[in-house]
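S.K.: Shown below is the structure under consideration.
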Amino acid sequence: MKIAFIGLGNMGSGMAANQARAGREVIAFDLSREALDRAVEAGCLAAGSVSEAVADADAVITMLPAGPHVLKVYTDQVLGHARTDALLIDCSTIDVETARKVAGLAANEGYSFADAPVSGGTAAADAGTLAFMVGCDEDAFSRIETVLEPMSRATIRAGGHGAGQAAKICNNMLLGISMIGTCEAIALAERLGLEPERFFEIASKSSGQCWSVTSYYPWPGPVPAAPSNRGYEGGFATAMMLKDLKLAQDAAAKAGATTPLGAQAEATYALFDRLGYGGKDFSAVLQLLRGRLAEIGQQD
Ligand code: NAD
């Protein structure tokens, strides 16, 4: 199987590497030369542009920052350049409207498109254990599942076009809220004289248990793979979490849903971003809540 992989950043690099490791021919492209070189080291072939990468692919996978990037890449360089029998799968987290728009444009030109955002973070991207939430036509799902298999521990069809993105923004709103909650609890524990490492032992086995505690603890030590152990570099950038929380608030306003804690999480991450920490992993918000921003170094 020949895969065109576009967008080789924090997430895409590990995902493309797992496609190559599974024996697939991966033609990769990223605007960043450094990212492209990393993909070649991981067994991918480098293309000179998106249109060159997709030209003879059986499936196109995109992992780009946001909706405008996805719309532009598909309209300018994928549609009309890929074979019409190629499956087009966007794994970026973007707004539901753009996902539906791209699906419509693709369908007009005879392509099958799926929104298939992921959950799991960079550790799962590297390990090939992401969860995919897919919005697609029912009859395309099993082929999509096969394409995603080397990167996935679970692939779930959420519904028709846009449903994958709806699932993703709801999930990430919950994650943003739970991360801030975890950080507040650690900051309070510390003030009360309880060691954050000891609090981890207790919370990870008590009713406060959640992914932000057990898999991504924002205090260094208890979860070695978490970005807190490497100065909050890499991982899931605060600016990306802020983008997802804005998508959730926009969607909530349009749908008439009440999401007060989602709004509060957006405001907290907006402040952290405005202070200059948009490039740091989103778990670094702990240091804002501790009043210890100096501990995570210079602002970006
Ligand atoms: P990133 O910024 O590290 O990577 C994006 C890559 O896309 C960059 O390497 C950039 O050079 C490339 N790019 C941008 N425009 C391009 C274009 N026109 N052509 C080719 N390449 C282009 O971001 P990331 O952390 O890998 O996230 C990617 C997507 O995955 C985002 O939508 C994000 O919300 C989502 N996501 C991220 C995580 C995470 O933990 N980082 C988890 C789940 C979902």
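S.K.: Show me, for segment 160-166, the HN-Hα J-couplings you get by feeding each phi into the Karplus relation (A = 6.51, B = -1.76, C = 1.60, θ = phi - 60°), rounded to Hz, glycine and proline as x.
M.R.: x, 3, x, 5, x, 5, 4
S.K.: Does anyone have the angle between helix 12-21 and the longest principal axis of the chain? Alpha-carbon axes, 0 to 90°, nearest 10?
M.R.: 60
S.K.: Report, in debye and to the nearest 20, how large the dipole of the chain comes out about its Cα centre when Lys and Arg carry +1 and Asp and Glu carry -1 on their Cβ. Display every interim value, and only then the final one.
M.R.: On the way: 24 positive and 34 negative charges, 114 e Å.
Dipole of the chain, to the nearest 20 debye: 540 debye.
S.K.: So what's Rg/Rh here for segment 59-164, counting alpha carbon atoms and using the Kirkwood radius for Rh? Could the numbers behind the result be given before it?
M.R.: Numbers: Rg = 12.6 Å, Rh = 13.4 Å.
Taking Rg over the Kirkwood Rh, I get 0.94.
S.K.: Quick check: convex hull of the Cα atoms in segment 198-293, volume per residue, rounded to a whole Å³? Write out the running numbers ahead of the final one.
M.R.: Working: hull volume 10.2 nm³, N = 96.
It comes to 106 Å³ per residue, whole-number rounded.
S.K.: Going by a ≥ b ≥ c, the root eigenvalues of the Cα gyration tensor, does segment 123-191 fall in the rounded group (a/c under 1.5), the prolate group (a/b larger than b/c) or the oblate group?
M.R.: Details: a/c = 5.86, a/b = 2.06, b/c = 2.85.
Taking the square roots of the gyration eigenvalues as a ≥ b ≥ c, segment 123-191 is oblate.
S.K.: Further question: Specify which residue in the list Gly48, Ala267, Pro65 is farthest towards the positive end of the charge dipole of the chain, using unit charges on the beta carbon of Lys, Arg (+1) and Asp, Glu (-1), about the Cα centre.
M.R.: Ala267
S.K.: Put Trp211, Trp219 in order of accessible area, largest first, 1.4 Å probe: what do you get? Walk me through the numbers before you get to the answer.
M.R.: On the way: Trp211 100, Trp219 40 Å².
Correct descending sequence by accessible area is Trp211, Trp219.
S.K.: Now a separate question. Quick check on segment 46-114: take the gyration tensor over C-alpha atoms, sort the square-rooted eigenvalues as a ≥ b ≥ c, and tell me if it's rounded (a/c under 1.5), prolate or oblate. Mind dumping the intermediate values first?
M.R.: On the way: a/c = 1.80, a/b = 1.23, b/c = 1.46.
Cα axes put segment 46-114 in the oblate bin.
S.K.: Another question, then. Considering the alpha-carbon set of the chain alone, what are its Rg and its Dmax in angstrom?
M.R.: 19.5, 63
S.K.: Hey, what's the chain come to in accessible area per residue, 1.4 Å probe, Å²? Mind showing how you got there, number by number?
M.R.: On the way: 13020 Å² over 300 residues.
Normalised by residue count, the accessible surface of the chain is 43 Å².
S.K.: With point charges of +1 on the Cβ of Lys and Arg and -1 on the Cβ of Asp and Glu, referenced to the Cα centre of the chain, which listed residue (Pro220, Leu289, Cys91) lies farthest in the positive direction of the dipole?
M.R.: My answer, from the dipole projection, is Leu289.
S.K.: Could you compute how much accessible surface Met173 exposes when probed at 1.4 Å, giving the result in Å² to the nearest 10?
M.R.: 40
S.K.: Tell me, how many Å apart are the Cα centres for segment 231-300 and for segment 1-44?
M.R.: With segment 231-300 and segment 1-44 each reduced to a Cα centre, they are spaced 28 Å.
S.K.: Give the accessible area for Leu8 in Å² (nearest 10); use a 1.4 Å probe, count only protein heavy atoms, and leave out ligands, DNA and RNA.
M.R.: 0
S.K.: Counting each DSSP H run of 4 or more residues in the chain as -39500 (n - 2.57), what helix-only mean residue ellipticity at 222 nm follows after dividing by all residues, to the nearest 500 deg cm²/dmol?
M.R.: Values: 13 runs with 137 residues, N = 300.
Mean residue ellipticity, 222 nm, calculated: -13500 deg cm²/dmol.
S.K.: Would you mind checking the tilt of helix 238-255 against the longest principal axis of the Cα atoms of the chain, expressed as 0 to 90 degrees and rounded to 10?
M.R.: Approximately 80 degrees, to the nearest 10.
S.K.: Of the beta bridges DSSP finds with both residues in the chain, what % are antiparallel, to the nearest 5?
M.R.: Details: 4 of 29 bridges.
Of those bridges, close to 15 percent are antiparallel.
S.K.: Can I ask one more? Helix 96-108: angle to the longest alpha-carbon principal axis of the chain, degrees 0 to 90, nearest 10?
M.R.: 10
S.K.: Sticking with this structure for a sec: Where the accessible area of the chain is counted over protein heavy atoms with a 1.4 Å probe, how much of it, in %, is carbon and sulfur?
M.R.: On the way: 7030 of 13020 Å².
About 54 percent, which is the carbon plus sulfur part of the accessible surface.
S.K.: What ranking do 103-116, 180-193 get when scored by the average of other Cβ atoms within 10 Å per residue, highest first?
M.R.: Details: 103-116: 19.6, 180-193: 16.6.
Top to bottom by mean Cβ count within 10 Å: 103-116, 180-193.
S.K.: Take the alpha carbon atoms of segment 1-91, find their radius of gyration, then divide it by 2.2 N^0.38 Å using N residues; give the quotient. Write down the numbers at each step before the final one.
M.R.: Details: Rg = 11.5 Å, N = 91, 2.2 N^0.38 = 12.2 Å.
Segment 1-91 yields a ratio of 0.94.
The values are calculated or read from the model by the stated rules, or taken from the named source; none is laboratory data. As the structure is a prediction and not an experimental result, all values here were calculated from the model. All Cβ positions, glycine included, derive from the backbone under ideal geometry; neighbour counts span all protein chains shown. Surface areas here come from the heavy atoms of the whole protein model, side chains and all, with no ligands, DNA or RNA. Shrake-Rupley method; radii C 1.70, N 1.55, O 1.52, S 1.80 Å.
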